[in-house]
Structures are given as C-alpha cells and as structure tokens.
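The values are calculated or read from the model by the stated rules, or taken from the named source; none is laboratory data. These numbers come from a predicted model, not from an experiment. Backbone-built Cβ (ideal geometry, glycine too); neighbour counts: all protein chains shown. Side chains included, ligands, DNA and RNA excluded: accessible areas come from the protein's heavy atoms. Shrake-Rupley method; radii C 1.70, N 1.55, O 1.52, S 1.80 Å.
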Amino acid sequence: MDTPSSITINGITLAAPRAARQNELFTADALNFLATLHREFGPRVAELEAAGEASDQAEGESEAFAESWQKLLDKHLKEPPCTFITPRGLARSESRILCGGAPLSAGLVDFGLHVHRNGLRLLGEGRAPFVSLLGLESEEELQLWQDVFARSEELLGLPDGTIRAIHFGDRDPDAGAVLAERTPVAAGA
C-alpha cells in the first residue's frame, strides 16, 4: 500500500501519515533491524498466521488511524524507557509498516522497536529488556520467540540471554507466570 505520505528506507515502507517525532524511532538502523527480522522470521510467522488473527489496522488515513500511529510512536519514545513490553501477537499484521509490499508482524514490530531502541541502554543501567508473551498459542510460537530473541541479541551485540521473557500459562490458572527459559543454540547452527 503506497500512500502520498509513505516513505521507504532500507526496504521498509512506512505507509502511515507522518507524525511528530517518528524519525527518532524509525531510524535507518531501526528499519534495517526490522527488515532483517521480517526476512529471517517472516516465513515462520506466516505459518502461525494460518490459524492467527487478521490485521488490526484499517486501510486509509482516518483520524483514528493517525491517532493509533501516534500512540505506537509515543509508546516507544517514552522516557525513561520501560524495561517491560507486551508485544502484539506475532500473527497480527502491522499494515502501516511493509517490507517488499507485505505487512510486518505486529509482534515483531513492537518487540523490534523496543529492543533496538532500548536494549543496550537498559543493559548499561543494570536492567534487561523483558517481554511479556501473553496469549501464546503453541510451543512452536514460544520457540519462534526464543529464536527471535537470540538473533536480536546477535544483531544488536547484546550478551546471550539478555532478553528475558515471561508468559502466563493458560493451561493451569494456578501456575502463574513462567520465565521462558532460553534453549542454548548448538554450535554451528
């Protein structure tokens, strides 16, 4: 979807009305990072989409569309940065951010923008980025998130295991929160 206000940088098209401070968030490096995540994990996300949710974004430039775009920006530009983020589901589409004409996963966008902007900063402050994975649908989705975390750490120069995840199990209401343990990556994998 190309709109009169759309711009493309590093293979990512922002197809939303321009908003205040968007250039602070959508830097060339951040867009390159999102493009890499999309290219490497998009096929696996597409497999999840077979039983996933439809796009949560309406086409067009309505007032609500522009307002929700500004809310996305404000969430990620908040100072000081929040340690914790709850990304939208991987199977949801972010139709305002495209790579090769295809919308990115809303979950990858939320996670990617947060960890790219704040990961090193939080680590320098003695904190770590935490990701709340609400509504996980399957073990495959959990494994995909773990792979995204490991690759993101590699791309951003973060030490292994820096990104932490927590999810609330649906199966046992008494189980509470579970820290998602990272599976070690085999040598040469």
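Just the Kirkwood number for the range 73-153, please: inverse of mean 1/r across all distinct Cα pairs, in Å, one decimal. Don't skip to the end; give the middle numbers.
Details: mean 1/r = 0.0747 Å⁻¹.
Kirkwood radius, the range 73-153: 13.4 Å.
List the residues, sorted by chain then number, that are 5 or more residues from ILE7 or on another chain and whose placed amide H is less than 5 Å from its amide H.
Residues meeting the criterion, in which the H sits 1.01 Å from N, are LEU14, ALA16.
If amide hydrogens are placed 1.01 Å from N in the peptide plane, which non-local residues have theirs closer than 5 Å to the one on ALA165?
VAL131, ALA180
Which of the peptides 126-135, 108-117 is most tightly packed, and how do the rest follow, going by the mean number of other Cβ atoms within 10 Å of each residue? Please report the intermediate quantities before stating the final value.
Numbers: 126-135: 16.3, 108-117: 24.1.
Answer by packing, highest mean first, reads 108-117, 126-135.
What does the accessible area per residue of the range 64-168 come to in Å², with a 1.4 Å probe and no ligands, DNA or RNA counted?
Working: 4240 Å² over 105 residues.
Heavy-atom accessible area per residue stands at 40 Å².
Can you give me the distance in nm between label points at ALA64 and ARG121, each placed 7 Å from the Cα along the Cα-to-Cβ direction?
Between ALA64 and ARG121, the simple spin-label model gives 3.2 nm.
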